[in-house]
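Below is one structure, written out as structure tokens; comments come after it.
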Amino acid sequence: MNLEDCLYVSEEVKEAVASHKPVVALESTIISHGMPYPKNVETALNVEKIIRENGAVPATVAVIKGKLTVGISPDEIEYLGKKGTAVAKASRRDLGTLISKKDDGATTVTTTMIGASLAGIKVFATGGVGGVHRGAEVTMDISADLEELSKTPVMVVCAGCKSILDLKLTMEYLETKGVPVIGYGTDELPAFYTRKSGLKVDYRLDTPKEVADAFLAQQTLGIGGGMLVANPIPEEYSMDPDYIESIIEKAVEECNKLGIKGKETTPYLLDKIQKLTGGDSLAANIQLVYNNARLGAKIASELA
Ligand code: PSU
Ligand code: MN
């Protein structure tokens, strides 16, 4: 078996990477497991458009018919969005089996980083990353995303972490793993739906060039690992912190009551929050993803 039997990089992405054009990777779990159809497909296609408008090539990643594919087609985006949670959520441990069975999979932050890295892409934009869950001192539910950030040299542009997670423990874990957390234009870690969390980031950087330079220095040293760039949701789309906190608490309580565990936890919570807010959180979610796509394209342009 060769790498080409397991990995497919689209011609456009291959050409862009080879000629040092800016490329931004995008995940597909957000499509299949993070948003309802048809908003998920509409959002994913708009994100690709925004990246192009900002001078970069988009590379949405997924497992398609047994190949980790970097740069899926609009038809494949539609397919993954329509099939929704019936598509396997593919984390690091799932890749081997999904590929050998010629199956499909929606890539998480973890596996999108893996695909990006194999294709030579440095920047990846999304909404939120996984982290240390509330109650992890008992459940040990810590997202594989944090481990991946510590070893794979890809920068992840996100809107911080949702407080479905224990943000304080997530920051501690990232510190232990040596993952730099950069606040884009802020000293404070944004909390996805809101711009504030009460926690400090490691460094505040204010321009795409500053972020690109920090990443470049880290990679030039050869110490490896990624970087988490936390870009706050634009003020006009941010939600009321008390309101969203009460919703998240309800969702977490319901999740515990139902005994939901493992890889089901995050998709359950995302869906529950969307239902409890009557779609308001989905609108905010979509806007912050667009905002991250714009920043990702600008950083990729600086790196290129
Ligand atoms: N957090 C979000 N939206 C998402 C996810 C997390 O706000 O869509 C998805 C991402 O794909 C992330 C994954 O990599 O969930 C993390 O899942 P887990 O907590 O099971 O590691
Ligand atoms: Mn988990």
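Of these, LYS89, LYS65, which one is away from ligand 1 (no atom under 15 Å from the Cβ) and at pLDDT 95 or above? Even if it seems obvious, please write down each step before you answer.
Working: LYS89 fails: away from ligand 1 (no atom under 15 Å from the Cβ).
Answer to the check: LYS65.
Scan the range 140-160 and report the pairs whose first residue is within 19 Å of LYS263 (Cβ to Cβ) and modelled with pLDDT of 95 or more and whose second residue is of a type in the set (Ser, Thr, Tyr) and within 16 Å of ligand 2 (Cβ to nearest atom), with Cβ atoms within less than 6 Å and a gap of 6+ or a chain change.
Going by the 6 Å Cβ cut-off, the qualifying pairs are ALA144/SER91; ALA144/THR110; ASP145/THR110; LEU146/TYR173; GLU148/THR110.
Picking from GLY96, GLY183, GLY127, which residue would you name as being within 15 Å of ligand 1 (Cβ to nearest atom), at negative phi and either not in a loop (DSSP other than H, G, I, E, B) or not aromatic (Phe, Trp, Tyr) (or both)?
GLY127
Residues VAL17, VAL47, VAL24: which one is outside any loop (DSSP other than H, G, I, E, B) and touching a Leu at 6+ places or on another chain (Cβ under 9 Å)?
VAL47
What tally of residues in the range 238-280 results from selecting those that are of a type in the set (Ser, Thr, Tyr), away from ligand 1 (no atom under 14 Å from the Cβ) and surrounded by 17 or more Cβ atoms within 10 Å (Cβ to Cβ)?
Of the residues in the range 238-280, 1 are of a type in the set (Ser, Thr, Tyr), away from ligand 1 (no atom under 14 Å from the Cβ) and surrounded by 17 or more Cβ atoms within 10 Å (Cβ to Cβ).
Which members of the range 138-168 meet the condition of being within 22 Å of GLU245 (Cβ to Cβ), out of contact with any Pro (no Cβ under 9 Å at 6 or more places or on another chain), near ligand 1 (Cβ under 10 Å from one of its atoms) and not hydrophobic (A, V, I, L, M, F, W, C)?
ASP141, SER143, LYS162
Within the range 245-260, can you find the residues that are touching a residue at least 60 places away in the same chain (Cβ under 8 Å) and in contact with a Ser or Thr (Cβ under 7 Å, 6 or more places away or on another chain)?
GLU245, ILE248
The values are calculated or read from the model by the stated rules, or taken from the named source; none is laboratory data. Note that this is a predicted model, so its numbers are computed, not measured. No Cβ is skipped: glycine too gets one built from the backbone with ideal geometry, and neighbour counts run over all protein chains shown.
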